[in-house]
Amino acid sequence: MAKNFIRFEKNGKIDWGEWKQGKVFPLGAGKLNTREFLEFFKEGPTYDSKSYSPEELEILSPITAPCQVVCQGANYRQHLIESGLDPDEKNYNLFFSKSDASLTSPLGKVIRPKHVRLLDYEIELGLVFGKSIKEPLGKNSGEVSDYIAAFFMANDISARDIQLPQLQWYKGKSYRTFLPAGPVLAVLEPGDFQLWKSLELTLLVNDRIRQHDTAANLVFNPERSIRELSHFCNIEPGDVLLTGTPSGCALRAPGKLLQKIAALLPEKKKWELFVKGQLKRSEYLQSGDTIRSFIRSADRRIDLGDQILKVDQES
């Protein structure tokens with residue numbers, strides 16, 4: 001069964017601890033990055049006799065920089081539909097990247113930059129690589145699960161008015177605080193990887209459910225995605241893959257008729273109308289909003305904890 005770990009700060013010192021029965025048991029591991037912690041865990045850590053409640057600690061992201069953040073887009077069937085795409089016609093796996101400068105605490109603030117008007121949320125299941133990948137993984141390269149050390153929860157915060165009109169996915173998804181991660185790093189035991197199919201993803205804004213789906217509804221599953229990724233990307237332990245978000249984002253694609261009309265317009269005018277239309281949607285994040293999200297299986301064999309985030313405006 002997966003073991004849950006939390007990275008935290010207490011009295012100015014950073015440490016890791018195991019999270020069980022609502023308590024955090026410090027390991028005395030010190031200021032290890034994610035890759036170093038996975039190695040530390042393999043050596044069989046010893047536990048401190050004392051424990052803390054999470055409220056006594058400053059909870060940090062269990063994913064640390066530097067690392068490579070690889071993402072998948074439009075990877076749930078219903079999300080494809082709300083993005084204006086036909087899931088029955090999609091024959092490619094959409095990959096993109098996100099800066100590790102966007103990593104931030106799972107219990108804290110998301111800062112909306114002054115110039116961003118369309119701030120969106122995306123709950124995602126994250127996979128942490130535990131082994132290097134330096135060549136394409138073929139049929140004889142063993143189980144893909146051997147390369148994944150842990151699961152975690154991520155929120156792929158996105159500035160839609162930067163990402164889409166400017167064709168700037170990397171920039172629009174990488175502002176600081178745009179990747180809340182954790183709180184839990186669920187280090188997997190043999191056989192745990194296949195439990196991804198049972199994980200339910202839920203995100204609420206101001207206590208109203210916006211996103212809810214099961215990872216079993218991924219269009220391109222993790223095994224297939226990792227094999228494909230290995231053909232064009234080198235991976236190091238501690239790098240991560242975000243597997244996509246369910247439907248329910250604030251973003252909605254214009255109707256087919258409007259898309260056809262917009263295609264006839266000059267590029268600048270087309271995107272001006274897009275932003276104007278999206279601004280009418282109340283679902284976009286505003287200063288003062290609270291985002292709460294969780295990923296877990298019904299039997300709690302995998303429980304990635306709760307993220308609680310407050311949206312704040314850049315001063």
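Filtering segment 21-59 to residues that are exposed (fewer than 14 other Cβ atoms within 10 Å of the Cβ), among the basic types (Lys, Arg) and assigned to a helix (DSSP H, G or I) leaves only Lys42. Right, Phe151: open to solvent by less than 20 Å² (accessible area, probe 1.4 Å) and part of a strand (DSSP E or B) or not? Yes. Taking the criterion of being touching a residue at least 60 places away in the same chain (Cβ under 8 Å), buried (at least 18 other Cβ atoms within 10 Å of the Cβ) and not in a loop (DSSP other than H, G, I, E, B), the residues of segment 171-201 that qualify are Leu179, Pro180, Ala181, Leu185, Ala186, Val187, Leu195, Trp196, Leu199, Leu201.
Filter segment 203-213 for residues that are under 19 Å from Asp303 (Cα atoms) and either open to solvent by less than 10 Å² (accessible area, probe 1.4 Å) or not β-branched (Val, Ile, Thr) (or both) and give the result.
Just the residues of segment 203-213 that are under 19 Å from Asp303 (Cα atoms), to begin with: 203-204, 209, 211-213.
Leu203, Leu204, Gln211, His212, Asp213, listed by residue number.
Filtered by the rule that a residue be open to solvent by 10 Å² or more (accessible area, probe 1.4 Å) and in contact with a helix residue (DSSP H, G or I) (Cβ under 9 Å, 6 or more places away or on another chain), segment 231-260 gives Glu236, Pro237, Asp239, Ser247, Gly248, Leu251, Arg252, Ala253, Pro254, Leu258. Residues that are in contact with a strand residue (DSSP E or B) (Cβ under 7 Å, 6 or more places away or on another chain) and within 21 Å of Ser132 (Cβ to Cβ) within segment 187-225 comprise Val187, Leu188, Phe193, Pro222, Ser225, listed in sequence order.
Check segment 160-170 and report whether any residue there is open to solvent by less than 40 Å² (accessible area, probe 1.4 Å) and either under 23 Å from Gly17 (Cα atoms) or in a loop (DSSP other than H, G, I, E, B) (or both). Spell out how you get there, then give the answer.
Filtering segment 160-170 for residues open to solvent by less than 40 Å² (accessible area, probe 1.4 Å) gives 160-165.
Filter once more, keeping what is either under 23 Å from Gly17 (Cα atoms) or in a loop (DSSP other than H, G, I, E, B) (or both): 164-165.
Yes, there is a match, as at least one residue in segment 160-170 is open to solvent by less than 40 Å² (accessible area, probe 1.4 Å) and either under 23 Å from Gly17 (Cα atoms) or in a loop (DSSP other than H, G, I, E, B) (or both).
One residue stands out in segment 74-93 among those that are among the hydrophobic types (A, V, I, L, M, F, W, C) and assigned to a helix (DSSP H, G or I): the one that is farthest from the chain's Cα centre (by Cα), namely Ile81.
Can you say whether Asp161 is among the charged types (D, E, K, R) and closer than 22 Å to Leu218 by Cβ, as far as the supplied structure shows?
Numbers: among the charged types (D, E, K, R): yes; closer than 22 Å to Leu218 by Cβ: no.
No: the conditions fail for Asp161.
Quick one: which residue in Val128, Val70 is touching a Cys at 6+ places or on another chain (Cβ under 7 Å), assigned to a strand (DSSP E or B) and open to solvent by less than 60 Å² (accessible area, probe 1.4 Å)? Only one candidate passes the filter, namely Val70.
Just checking, which of Phe96, Phe8 is in contact with a Cys (Cβ under 9 Å, 6 or more places away or on another chain), outside any helix (DSSP H, G or I) and under 20 Å from Leu179 (Cβ atoms)? Break it down stepwise before answering.
Working: Phe8 fails: in contact with a Cys (Cβ under 9 Å, 6 or more places away or on another chain).
It is Phe96.
The values are calculated or read from the model by the stated rules, or taken from the named source; none is laboratory data. What you see is a predicted model; the values in this text were computed from it and never measured. Backbone-built Cβ (ideal geometry, glycine too); neighbour counts: all protein chains shown. To get the accessible areas, we keep the full protein, side chains included, count just its heavy atoms, and leave off ligands, DNA and RNA. Shrake-Rupley method; radii C 1.70, N 1.55, O 1.52, S 1.80 Å.
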